[in-house]
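Enquirer: Before I ask anything, here is the structure I am working with.
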Amino acid sequence: MLVDMGADVDTALKYAELRLGAIKKRAPSIVARSLNRGISRMNTVGKKAVKDRYTIKAKKVNDSVKVWRANKNDLRAAVRVRSERIHVVDLKVSSKKFQHKRKTKKPVTVEIIKGQVKPIYGFMAPGTGSGKPILFRRSRDKPSKRIRIPGTTSKGRRKTNSERPIEAIRGPSVPEMMNHRSIRNEMADAGKEKFSEELEREINRALGVK
């Protein structure tokens with residue numbers, strides 16, 4: 001996912017050229033530097049907003065967010081966000097102790113958005129490969145096929161594997177978190193404000209205006 005500040009770069013470039021006059025060839029470099037400072041502000045504000053709203057560790061956010069910078073030949077800049085959906089155990093859960101699925105009676109409480117706690121009836125078990133605790137539950141999907149199993153049930157019926165498959169419970173991805181309307185708006189406002197400030201400062205510096 002790419003998040004830009006929504007600034008009118010073409011208008012900014014024309015404005016810079018008009019102000020610079022005889023040295024208007026420097027306009028693209030000035031606009032690029034200003035954009036990059038605006039995007040850096042967006043990056044900082046966005047990561048902080050995600051950590052303030054969600055119970056996610058800073059490293060998870062930092063590893064998922066990169067800055068795509070502009071240059072004088074390509075006046076495009078954005079915050080790039082990539083990640084898979086996050087296991088809820090990497091957010092905030094009431095317990096990470098391994099549990100036997102048939103003995104689990106109490107729900108595990110999960111807090112994804114700070115202050116919003118909800119119970120999930122599942123069981124904690126080692127994840128494949130990593131061995132770290134993962135919260136599982138029965139999938140809501142129906143079995144793709146009913147396979148007969150040798151033997152009969154207590155009621156004399158033929159056994160089948162009619163149980164739904166088990167799935168790991170995940171929360172939202174970092175792009176989904178950052179795509180929240182209030183966070184996107186906060187990022188865009190901060191980015192555009194910084195971009196405008198830096199554009200004026202860069203133009204005045206080029207003209208020798210204090």
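The values are calculated or read from the model by the stated rules, or taken from the named source; none is laboratory data. No experiment lies behind these values; they were computed from the predicted model shown. All Cβ positions, glycine included, derive from the backbone under ideal geometry; neighbour counts span all protein chains shown. Accessible surface is based on the protein model in full, side chains and every heavy atom, while ligands, DNA and RNA are left aside. Shrake-Rupley method; radii C 1.70, N 1.55, O 1.52, S 1.80 Å.
Enquirer: Examine segment 134-141 for a residue that is of a type outside the set (F, W, Y), at pLDDT below 75, open to solvent by less than 40 Å² (accessible area, probe 1.4 Å) and assigned to a loop (DSSP other than H, G, I, E, B), and state whether such a residue exists.
Expert: yes
Enquirer: Take segment 105-127 and flag every residue that is in a loop (DSSP other than H, G, I, E, B) and free of Cβ contacts under 8 Å to residues at least 60 places away in the same chain.
Expert: Selection gives K105, K106, P107, G115, Q116, Y121, G122, G127.
Enquirer: How many residues does segment 48-65 contain that are within 18 Å of E186 (Cα to Cα), in contact with a Lys or Arg (Cβ under 8 Å, 6 or more places away or on another chain) and crowded, with 18+ Cβ neighbours inside 10 Å?
Expert: Selection size over segment 48-65: 3.
Enquirer: Looking only at segment 9-25, how many residues end up being surrounded by fewer than 16 Cβ atoms within 10 Å (Cβ to Cβ) and either in contact (Cβ under 8 Å) with a residue 24 or more places away in the chain or closer than 30 Å to G171 by Cα (or both)?
Expert: 1
Enquirer: So, one more: Looking for something farther than 30 Å from P119 by Cα and among the basic types (K, R) - is there at least one such residue anywhere in segment 74-91?
Expert: yes
Enquirer: In addition: Which number in (1) open to solvent by less than 40 Å² (accessible area, probe 1.4 Å); (2) among the hydrophobic types (A, V, I, L, M, F, W, C); (3) touching a helix residue (DSSP H, G or I) at 6+ places or on another chain (Cβ under 7 Å) marks the one condition that V88 misses?
Expert: (3)
Enquirer: Starting from segment 162-173, take each residue that is outside any loop (DSSP other than H, G, I, E, B) and list its partners that are modelled with pLDDT under 80, counting only C-beta distances under 6 angstrom and pairs at least six apart or across chains.
Expert: As it stands, the answer is E167/S139, since those pairs meet every condition given.
Enquirer: Something else: V45 - would you say it is closer than 29 Å to G131 by Cβ and either open to solvent by less than 80 Å² (accessible area, probe 1.4 Å) or touching a Ser or Thr at 6+ places or on another chain (Cβ under 9 Å) (or both)?
Expert: It is false that V45 is closer than 29 Å to G131 by Cβ and either open to solvent by less than 80 Å² (accessible area, probe 1.4 Å) or touching a Ser or Thr at 6+ places or on another chain (Cβ under 9 Å) (or both).
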